[in-house]
Amino acid sequence: MPASRMWRDHELKESYDVVIIGGGVHGLATAYYLTKLGVKNIAILEAKYIGFGGSGRNTAIIRSNYRTPEGIAFYDHSVKLYEQLALDLDFNVMFSQHGHLTLAHNERGVTGLRERAHTNQLMGIDSRLIQPREIQELCPMMNVFGPQRYPIQAALYHPPGGIIRHDAVVWAYARGADRGGAHVHQLTEVNDIETPNGAVSAVVTNRGRIKTGIVLNATAGYASTICDMVNIPLALETHPLQAFVSEALKPWLHHVIVSSTLHIYISQSDRGELVSGAEVDDYLSYSLRGTLAFAEGGATHLLELFPFLANVKMLRQWAGLCDMTPDYSPIMGPVDEIKGFYITVGWGTYGFKAGPASGHLMAQCIQSGKTPKMLEPFLNSRFLRDQLVGEKAAASVSH
Amino acid sequence: MTDHGSTEGHSAGNGVQFTFDGQIVRARPGQTFAGALHDAGIHTLSRSFKYHRPRGLFCVTGRCPNCMCSVNGEPNVRVCTRKPAAGDVVKPQNAWPSVRFDIMSIFDKMHRLLPVGFYYKTMHKPRFMWPIFESVIRRIAGLGEVDLSNGGSEQYDKLNLFTDVVVVGGGLAGLNAAYAAAEAGADVILIDDQPTLGGHVQHDPGSIDVHELAVRYQIMAHPRIQTFVSSTAFGLYEENYVAVQQGNRMIRIRAQQTVVASGGWERPYVFENNDLPGVLLASGAQRLLQQQGCKFDGPIVIVTDQPIGYRLADQLKQKGMHVAALVDLHDQPQGAIEGLRVLAGHTIQAASGKSHVTGAAIVPTRGGTMQTIPCQWIIQAVGFTPATSLLYQSGCKLKYNADLDQHQVTEWAQGVHSAGAVNGYHEPLVCVKDGTRAGLAAANALGLLTTDLTKRLTQLESEISQSTRDCKPTASYISNSKDKKKFVCICEDVTEKDLCDAIDEGYANIETLKRYSTISMGPCQGKMCQSASIAICARHKGIDIEAVGTTTSRPPEQPVPLGVLAGQAPHFSLIRRTAMHHWHEEAGARFLDAGTWKRPERYTDPHDEYQAVRKGVGLIDVSTLGKIELRGPDVVKFLEFIYPNRFANLAIGKVRYGAICDEAGILLDDGMICRLDEERFYLSTSTGNADAIDSWFRWWLTAKPQWDISMTNMSTALSGMNLAGPHSRDVLRRVSTGDVSNEALPYPSVKLLDVAGVPAIVLRIGFVGELGFEIHVPSQYGLHVWNTLMEAGKDFDIKPFGVEAQRRLRLDKKHLLPGVDTDALSNMYDADLPWIVKLDKEDFIGRWSLNRIKERGPKQKLIGFKLEGTTVPDEASLIVKQGSLVGRVTSVRYSPAAGSIVGLAWVPIESSKNGDIIDIRHAGQSLKAVVQDDPFYDVAGERLNS
């Protein structure tokens, strides 16, 4: 017997209560939580296929050991939702909480991690600074004491951190939204948003016009293009971020390892592939082509931590787009300029780990018309109020 | 000339011995592991990814996953293309206890419980079960095992080349492309992944004239062609940047033009049990037969819709092998060979056998009775999928062509050409023409063609466009039976039914289908399954193949070892040492890493070093500071624009502290700016930001092309040392002929002096809060000047001091360190540098933001604090108010001068006034500190000015 449909195809209706642009984790999670709040007449518009963008290109690391109290509270909410997600959505999203280690190779790095540990602990997050000997015990195969250009001096250890099957999260939210009554429209591209009298009235797509009073921009890479349609400038720069996977190997690495000095992070999936990525490329671009320089640099740094991987092969490299804000924090909530226009954008390199929290809070925000307290620090107006949420110092490799 | 690379071993006359799963196997000279294993009758080489089914040689070209073994601890080696060395230890993967009997093959029996994506639907309820299941999964997942004891002793290197034309693929098309381009005058590099040139004609000469083969010998001798065999072009990156793996070497080629003549991957036919050992692709069988000297014992059934199937039958018969039947999918036989049983209009439904083929179930294509032909080998020849990965990578646009049943380039990326089988030409003579055409086209793009050659190119283009293509595919990929075990993806054990089920569940987009079913995500990256999966998707959805689209092809084209990508880099990490480094070593310095630099952190006790500077004299190496010289009539304009400070009024011979901010008013860096002359400035940056500031300056200089400025980065050209302390002038006097009196060189000023006989830039500045001189001299004299100063300072008990002492000294003066005391959100006002910002200046970087920040007033502030007691809190300690985080400590030390603990901290503006009490949390304790506006030492600055 064939299993039941995950999500169905629909004709575009003439009007929806809420139109969500972007079929990634943010858009789909928002739709799912909205249906749970009783808002069911929802369209999710995805230009390609669900999970095409950042949701399918990220390296699926989940953690909450951020730097600012605002960030920590928010990402902790997300981790808690992730922990329940498989049961909530009855879909095994394979959340492996094997622990997350951020390495420091110099004094300044250690100080930065210590500050995070202090702040995390103050906020009740399981996070602490550990010394090289304990790092070696946790990860015996890592080159901790061997020759290294920048010897490891300490690490921030975050036991609840881990990895997840990112595509599964997208599909599970899509199914949840579909079952709640929302329409997932793939291959549906938004060309215009109509806002007479300063309020959203309709969305024009390649498949026709939809009347609606509420639009959520939940896109990445093209977040500013969508906001341009309603003349809202965003404080974003779009950078590519690259990653690669190795051939499948019998699992030997269970932690997520991050090093900002080496510009690398690595984990091993349940399939056995090593997944590794870097910081965003330092140039602005919409290009999704991988570069050789990235593969070379990534391999070099990986071999510093794990020299025995020299004969292990890279299978595939790719790039995704990251919308970077000046403070490395996202922009969420309603905008002051246009009634009915909401955004959840600027997700930089930390979008996937935030998906459930962003969806959950944006749904509350849209359904109630009030901004939840946890969202307030992330409003777009913070840039004009000059009240940034400074995650940047902590986020030089922010995975 | 031909480069075989290091892996191309020349075996001794008697061949070599290696072991496979403990069994000794002998390889004849020139044989690969695969040929030797085949000869030894070892046909099960591995177990499959999901069901642990036995797998044997299949493609024999290094594409499919079936022969992946561990060789001497290296995981996932395709043994079909590697040659053994004596004593090599080959172990099968993903099997326990042995590849012949693998306990995990129980999964094959349980397949009904393990449908596509079963792991998404199970194991998560109740919640505590998942970690238990997962730990089991993590014990059995994956293929090869990493050799954790591999010490990384292999040598890897990189070769960089530049050329006019790169030709990828040494088959007929590639050979002729290379030859044509070289003859036209281009320098050519020809790359082929096989040990010998020639491509398919080597084992399947077909209709090709032997004279054409001779071309390859001419090519190997051609002065303008450099050839690399056993070399895989795995990436065609932006701007014709070609990445090639040759054994342990990576060759990086910058080409003006690239001709991709990569041929095709033979396409498997999908039928029941199509993954059994004994089922092979035709080109694989040909390679074993013609190149490895192997035999096929027992009857053979060939399944084909191509001429190659008949040619193979002929080859097999000529070598005395028994072809039991040739099954032709076409209604009319496409050939005839004497004594060959041809079953036209038939197809294969299933392979029978448990661990090896024992028979082939054959049915008429239009339905009818099945017959089973006993056989040991089933060889399939149903056409080729063009090897388009590199073309996709390069940005070419491809479209499905129904006549050819393949995707074809419709739009070429700049400087990229394609030729031969990737274009759909399989007829050898057409490949020769198409190759020549592509070679000429590449030469034409370089402007190399004579009138005659241009005519020839036009002529070839028209001939090729009119040529008919011999490959008449039936576009069949899949037998009609309904059994589950028809493998589309042999890497990941994905069956036809899996794909159909996934589509029914809603994973209908080809990309979503790929991610859910994991088809094409395994070691072959879709080379084996791409055509069939697209065809199944189209058929099941009832749409055209064109409408299905393709999945994105990403580098690398073939998996590349990380060691090859890294090269020698892990052993060559940059270490920068100053000119005085060895002196520091001999003096017993402990070093710290400051970016790529090594700096003395301390020589002895930092407390003694601190006291030497406060009471006598000390010397610190500051060579790591960034140093930039700017000259030209517009330098003042530039400085006024880039700094919030004012520089127009800086007199010649004066120095000013400056800080740089970005557009948002965020502090980036600080340093000293010296005016050496009307149009000549010299400035320093911090060590950590030297490169960033250099880029920042260059960026803005580019943005202001109208300004006449020349910029020279002097960072490594000059050594710097800071002579500081009450006796520093006494020391300097002894080694300089210049006037260094307070009148001649007051604080803060700069002079070009001679120091120890060396021309030096001497800055009278005081970062550490004492009378002091920063001396910058050409690096080659750095050690000499240092030694001379140390010698001259002996009478004053001069001591070298390190970074730690310097930090304590500067903290006494509340001098901030950008990046330590500030972060990516610290603006000039909050960082307590308002006196630097001149908002009344004309535009400068950050002016708008700083104006705004000033209007709204500061929210937080970097303050100095004093703390009584003996507990020195950590740097990074939090400042807490009523249980909430309100700030943090950035620097803290015990200060002998202040007689207490002092530090810098970020606090909210309401707690930032002189005398305010702040609550520092340290190790669960609450420490009360007092905010202090004044520096902790020499408030009036008398010592600086002395």
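Before moving on, here are some points about what is shown:
- For q = 0.07 Å⁻¹, Debye-computed log10 I/I(0) when each Cα of chain A counts as one equal scatterer: -0.31
- Based on every Cα atom in segment A:252-399, Rg and the maximum pairwise Cα distance Dmax equal 18.4, 57 Å.
- Cα lying deepest toward the dipole's positive end in the protein assembly as shown, options B:TYR682, A:ALA182, B:GLY151, charges on Cβ: A:ALA182
- Nearby lysines by direct alpha-carbon distance to A:LYS339 (threshold 16 angstrom, same-chain neighbours under 8 apart not counted): A:LYS211, A:LYS370
- With 32 Å as the limit, the listed pairs B:LYS317/B:LYS541; A:LYS392/B:LYS838; B:LYS158/B:LYS455 have B:LYS317/B:LYS541; B:LYS158/B:LYS455 beyond it between alpha carbons.
- The aspartates and glutamates whose alpha-carbon is closer than 13 Å to the alpha-carbon of B:LYS841, local same-chain residues fewer than 8 away aside, are B:GLU640.
- Computed across segment A:1-65, the Kirkwood hydrodynamic radius from all distinct Cα-Cα pairs reaches 13.6 Å.
- Averaging Cα coordinates gives a centre for segment B:532-573 and one for segment B:794-833; these two points are 52 Å apart.
- When DSSP beta bridges are restricted to pairs lying wholly in the protein assembly as shown, around 70% turn out antiparallel.
- Each Lys and Arg contributes +1 and each Asp and Glu -1, all at the Cβ; summed about the Cα centre of chain B, the dipole is approximately 1820 debye.
- Segment B:859-946 - Debye-derived log10 I(q)/I(0), Cα point model, q = 0.11 Å⁻¹: -0.29
- For segment B:2-140, lysine pairs with C-alpha atoms less than 24 angstrom apart, excluding pairs fewer than eight positions apart on the same chain, total 6.
- Dipole of chain B, positive end: most advanced residue of B:ILE798, B:ALA876, B:GLY415 [Cβ charges, Cα centre]: B:ALA876
- The tail of the calculated P(r) for segment B:284-333, taken as Cα-Cα distances beyond 14 Å, holds 49 percent of the pairs.
- Measuring against 26 Å, Cα to Cα, the residue pairs B:LYS486/B:LYS514; A:LYS353/B:LYS854; A:LYS13/A:LYS48 contain A:LYS353/B:LYS854 as the ones spanning a longer distance.
- If the Kirkwood radius is taken over C-alpha pairs of segment A:332-377, then at 10 °C and 1.306 mPa s the Stokes-Einstein diffusion coefficient equals 145 µm²/s.
- Annotation: lysines with alpha-carbon distance below 23 angstrom to B:LYS627 (same-chain offsets under eight excluded): B:LYS598, B:LYS637, B:LYS654, B:LYS704, B:LYS751.
- Reduced Cα scattering model of segment B:2-140, Debye log10 I(q)/I(0), q = 0.14, 0.21 Å⁻¹: -0.71, -1.23
- Helix A:25-36 axis versus longest C-alpha principal axis of chain A: approximately 50°, rounded to the nearest ten.
- Computed from the Cα positions only, the extents of segment B:325-431 along the three principal axes stand at 53, 32, 25 Å, in decreasing order.
- The value for chain B of Rg(Cα) / (2.2 N^0.38 Å) is 1.26.
- Neighbour cut-off at most 16 other Cβ (10 Å), DSSP loop, GluC sites (Glu not before Pro), segment B:225-267: B:GLU238, B:GLU239
- Span per principal axis, largest first, for the Cα atoms of segment B:487-562 (Å): 41, 23, 17
- Reciprocal mean inverse distance between Cα atoms of segment B:748-800 - Kirkwood radius, Å: 11.8
- Restricting segment A:272-336 to chymotrypsin sites (Phe, Trp or Tyr not before Pro) that sit in a DSSP loop and have at most 15 other Cβ atoms within 10 Å of their own Cβ leaves A:TYR283, A:TYR286.
- Set the Cα radius of gyration of segment B:126-184 against 2.2 N^0.38 Å, with N its number of residues, and you get 2.39.
- Counting beta carbons within 10 Å around each of B:THR450, B:THR870, B:THR685, A:THR219 and listing the fewest first gives the order B:THR870, B:THR450, B:THR685, A:THR219.
- Cα centroid separation, segment B:57-104 to segment A:48-124: 39 Å.
- Computed over all pairs of different Cα atoms, the Kirkwood value for the hydrodynamic radius of segment B:127-257 is 17.5 Å.
- What you get for chain A, charging only the Cβ of Lys and Arg (+1) and of Asp and Glu (-1), is a dipole of about 580 debye around the Cα centre.
- Using the rule -39500 (n - 2.57) for each DSSP H run of four or more residues, divided by the residues of the protein assembly as shown, the 222 nm mean residue ellipticity is -7500 deg cm²/dmol.
- Loop-located trypsin sites (Lys or Arg not before Pro) in segment B:365-414 whose Cβ has at most 15 other Cβ within 10 Å (DSSP): B:ARG366
- Separation of segment A:132-172 and segment B:574-609, taken as the distance between their Cα centroids, equals 31 angstrom.
- Hull volume per residue, based on the alpha-carbon atoms of the protein assembly as shown and their convex hull, is 195 Å³.
- Other residues lying with their Cβ under 12 Å from the Cβ of B:VAL740 contribute a combined charge of +1, Lys and Arg counting +1, Asp and Glu -1.
- For segment B:483-627, diffusion coefficient by Stokes-Einstein and Kirkwood Rh (Cα), 25 °C, 0.890 mPa s, µm²/s: 118
- Point-charge dipole on Cβ atoms (K/R +1, D/E -1) for segment B:636-717, about Cα centre, debye to 20: 240
- Global geometry of segment B:268-382, whether rounded, prolate or oblate, following the gyration tensor of its Cα atoms and the 1.5 cut on a/c: oblate
A short reminder: the numbers here are calculations on the coordinates, not readings from a lab. Because the structure is a prediction, the values reported are computed rather than measured. Please note: Cβ atoms are built from the backbone with ideal geometry, for glycine as well, and neighbour counts cover all protein chains shown.
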